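Below is one structure, written out as structure tokens, with a few remarks after it.
The values are calculated or read from the model by the stated rules, or taken from the named source; none is laboratory data. Not measured: the values here are computed from a predicted model. Cβ: placed from backbone, ideal geometry, glycine included. Neighbour counts: every protein chain shown. Surface accessibility is based on the protein's heavy atoms, side chains included, excluding ligands, DNA and RNA. Shrake-Rupley method; radii C 1.70, N 1.55, O 1.52, S 1.80 Å.
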Amino acid sequence: MFQPEIAKNKPGISIRAILIGVVLSGLAGWWAAYGEMIIHSSPMANDYSAPVALFLFFLAAAGLNSLLGLCGPRWRLNTSELTAIFVMLMAAAAIPTRGFTSMIGPVITGSQYYSNPENNWSELVVPHVAPLKWFVPQGDDAIKYYYEGLPPGQPIPWDKWKLPFFSWMALCVALSLVMICVAVILRKQWVERERIIYPMMQLPMELARSGDPKAKPIWSSPLLWIGLAVPFVSYSYKALTHYFPEHLESYRYYWYLPMFRSNSGLRITLSPIAFSLLFFCRSDVLAGLSVFPFLVSVAKGWLKSTGHYPYVPKLGIWSYDAVEAFFGGGALLIFVIRIIYFARGHLKDVFCSAFGIGKRVDDSSEIMSYRSAVFGLLFGGAFLVFWLVLAGAEIWQAMLYFTLAFIIFLALARVIAEAGLPTALPAVVAGDFMTGLVGSGLFSPKNLTALGFTYPFHAEMRCFLLSHASNGLKIAHETIRNSKRRLLWGMMAAVLIAYVVSMTMMIYFPYRDGGLNLHRWTFKNTATYSWTDAAKRMTRSGSPIWEGFPLMGYGAALMAVLLICAHWIPLWPLNPGALVVSFHWAGQMLWSSALMVLIVKTILLKYGGARAFTGVRPLLYGLILGEVVVAGLWVVIDGFTGKTGNYVTGFF
């Protein structure tokens, strides 16, 4: 889509918007890390819905901008400026907790702290971890006190963390750049050609449009405040039960229904944010999210109860079930092939334009030129391979690893763009998939240890920047009419400040309070999972896990059939992408919300039509904001009162 010449050259994003975005990104990094690590509150940056970004953006659009308006109309932030701030907040939200930073310290110190005669890590793992001064803090005391806290009067050993701090920062910058480049390369295909809805961006777009003085702000609708009140009141009551357990009785917002003699089960959840985000999805996406997780649970339970569930050696902790990992991995590979196949014409144009072959493609509507995006992808990818080789991997292993990692990243980013899922998990992660396919026998102990260093950015997979950036570029396309080139620098600045703030906190607070006294899951589970997997791979059979190959073929065949049906059969009811996220607890948590939305939305459209759907949108926006605002508010309250463990909502 070509824009007028003035729109190409005139900056659409002011310097003040970038500066405000940097400040708020630093606050997001602090808020998310402090809330999870110190007071154990609701996770504000763990998942794809990025509640910390939406909360701070709401304050900026409704609060800060209103205050600026009191100084005069020219002081107000316009729509483009508000959008830039939100996109930067989205980028920042991918860094502080499960997306990257909170897992670094425990992973790089865990093998030495938790080494004991039973796990034999002192011989299997530690010799390949401890000498890596660029990745790991040096000195037994530096590691011991990270978990147990410093003795009184002893200073924090910042000097021990200088090299790890900057080497992991370099990884963060390179990985973020590569993900942004991928998002830029695919934006036009997904947004303009395939017209993906991006349900997660519907509310932020409405908030950003409040910067237009002619537009009526969304918070002027009474329906929004009615919707906001529902989760605000219910979750505030739940928070108060944590303060007054002797007077108030807490309640559950999810139920588990065991099936087939407890060999499987179904989770039923009540989540305002999941319900509202899913309401903006297409019906085939909702049907897929309802049907596939249900069928996976039923099939798994029946096969286990009858003794027919296949035996496949476990791949790794983060791939959960090896049967699902291979089956889902095969389906995921075919799904990504479909993504690339449908984008082949656009990708050819982008790469030819980048290398000066043929006619140059117009990229004035992107945040960076296609040439910059392609070369950023190539050079950034080369650095990622170099970084993993420094950690102990062979070049071919590092290249294969990041190829598989980005295949998984891409599949999840696509499904989240279509479905607006607040949380999602893949069936398998790259390290497990690679060692399962080629066999751990091709890896030395040093190579397998190197894979442990990838867990901070590709293990739990609760959030990652590619998804956040893809969503951010959608809202930028819809609301910024002039040049968007400054947005790239804003996003990278947001990533950098979020890393610096959150990583500094992840060094300071464990030494001050003792990591084991903070977030025990992070400083126990996260600290050991990498090296548990590495040690098991060193001691198991070195051949590929052949038992999984037929399952991978079944999954690939099923996805191929679903894609063919979706393409050739009119009104095919099930979106194939939903199968990618139908495994593990995440798919099970959302299937009931998808089913409820499908029923309610069908009835609403049948009897009220498109007008009724449009009329109910402010109510849905309120439900989303209510859950986000109440969680953010109680983080503040708990921070002042010192109350810990007040887990108000998980946002799914």
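At 1.4 Å probe size, with no ligands or nucleic acids counted, give the accessible surface of Ile497 in Å², nearest ten.
50
Of the heavy-atom accessible surface of the chain (probe 1.4 angstrom), what whole percent is carbon and sulfur?
67
Cα convex hull of the chain: how many Å³ per residue? Could the numbers behind the result be given before it?
Numbers: hull volume 114.3 nm³, N = 652.
Each residue corresponds to 175 Å³ of Cα convex hull volume.
Which translational diffusion coefficient, to the nearest whole µm²/s, is obtained for segment 438-485 from the Stokes-Einstein equation, given a Kirkwood hydrodynamic radius over C-alpha pairs, 37 °C and 0.692 mPa s?
The diffusion coefficient I find is 232 µm²/s.
Taking only the alpha-carbon atoms of segment 344-461, what semi-axes of the equivalent ellipsoid follow from 5 times the gyration tensor eigenvalues under a square root, in whole Å, largest first?
Semi-axes from the Cα gyration tensor: 30, 20, 12 Å.
Subtracting the Cα-Cα distance from 0.36 nm times the residue separation, let me have the gained length for Arg74 to Leu605 in nm, one decimal.
Numbers: separation 531, 0.36 × 531 = 191.16 nm, distance 4.18 nm.
Contour length minus Cα-Cα distance gives 187.0 nm.
Can you give the helix-only mean residue ellipticity at 222 nm for the chain, where every DSSP H stretch with n ≥ 4 adds -39500 (n - 2.57) and the sum goes over all residues, rounded to the nearest 500 deg cm²/dmol? Please report the intermediate quantities before stating the final value.
Numbers: 25 runs with 406 residues, N = 652.
Helices in the chain give a 222 nm mean residue ellipticity of -20500 deg cm²/dmol.
Rounded to whole Å, give me the distance from the Cα center of segment 105-176 to that of segment 317-391.
Cα centres, segment 105-176 to segment 317-391: 32 Å.
Can you tell me which of 374-384, 82-92, 47-57 comes out highest on packing, and rank the rest after it, using the mean Cβ neighbours within 10 Å?
Listed from highest to lowest mean packing, they are 82-92, 47-57, 374-384.
Given +1 on the Cβ of Lys and Arg, -1 on the Cβ of Asp and Glu, and no further charges, what dipole in debye does the chain carry about its Cα centre, rounded to the nearest 20? Before the final figure, lay out each step's value.
Values: 50 positive and 33 negative charges, 313 e Å.
Once rounded to the nearest 20, the dipole reads 1500 debye.
Give me the Kirkwood hydrodynamic radius of segment 1-124, using the inverse of the mean 1/r over all pairs of distinct Cα atoms, in Å to one decimal.
Computed over segment 1-124, the radius equals 17.1 Å.
Using a 7 Å offset from the Cα along the Cα-to-Cβ direction at both Lys133 and Val561, what is the distance between the two label points in nm, to one decimal?
So the label points at Lys133 and Val561 sit 5.9 nm apart.
What ranking do 345-357, 25-37, 523-535 get when scored by the average of other Cβ atoms within 10 Å per residue, highest first? Let's see the in-between values first.
Numbers: 345-357: 15.8, 25-37: 25.1, 523-535: 22.5.
In decreasing order of mean packing, 345-357, 25-37, 523-535 become 25-37, 523-535, 345-357.
For segment 66-193, what does the convex hull of the Cα positions come to per residue, in cubic angstrom?
206
Straight-line reach from Lys536: which aspartates and glutamates have Cα under 12 Å away, leaving out those fewer than 8 places along the same chain?
Output for Lys536: Asp432.
Work from the charge dipole of segment 95-242 (Cβ charges, +1 for Lys and Arg, -1 for Asp and Glu, about the Cα centre) and give the residue of Leu175, Met205, Phe165 farthest towards its positive end.
Met205
Beyond a 30 Å Cα-Cα separation, which of these cross-linked pairs lie in this structure: Lys160/Lys314; Lys162/Lys474; Lys133/Lys484; Lys238/Lys300; Lys348/Lys474; Lys160/Lys524?
Lys160/Lys314; Lys162/Lys474; Lys133/Lys484; Lys238/Lys300
Highest first, please rank the peptides 104-117, 546-559 by the mean number of other Cβ atoms sitting within 10 Å of their residues.
Values: 104-117: 21.9, 546-559: 17.8.
Top of the packing list down: 104-117, 546-559.
How many Å² of accessible area per residue for the chain, probe 1.4 Å?
38
Which residues' amide hydrogens lie under 5 Å from the amide hydrogen of Gly149, considering only partners 5 or more residues apart or on another chain, with H built in the peptide plane?
So Gly149 has HN proximity to Gly514, Gly515.
Filter the DSSP H helices in the chain by two things, a Kyte-Doolittle mean of at least 0.0 and an axial alpha-carbon span of 24 angstrom or more, and list the hits by number.
15-37, 158-187, 222-243, 283-305, 322-342, 370-390, 395-419, 486-513, 548-568, 584-641
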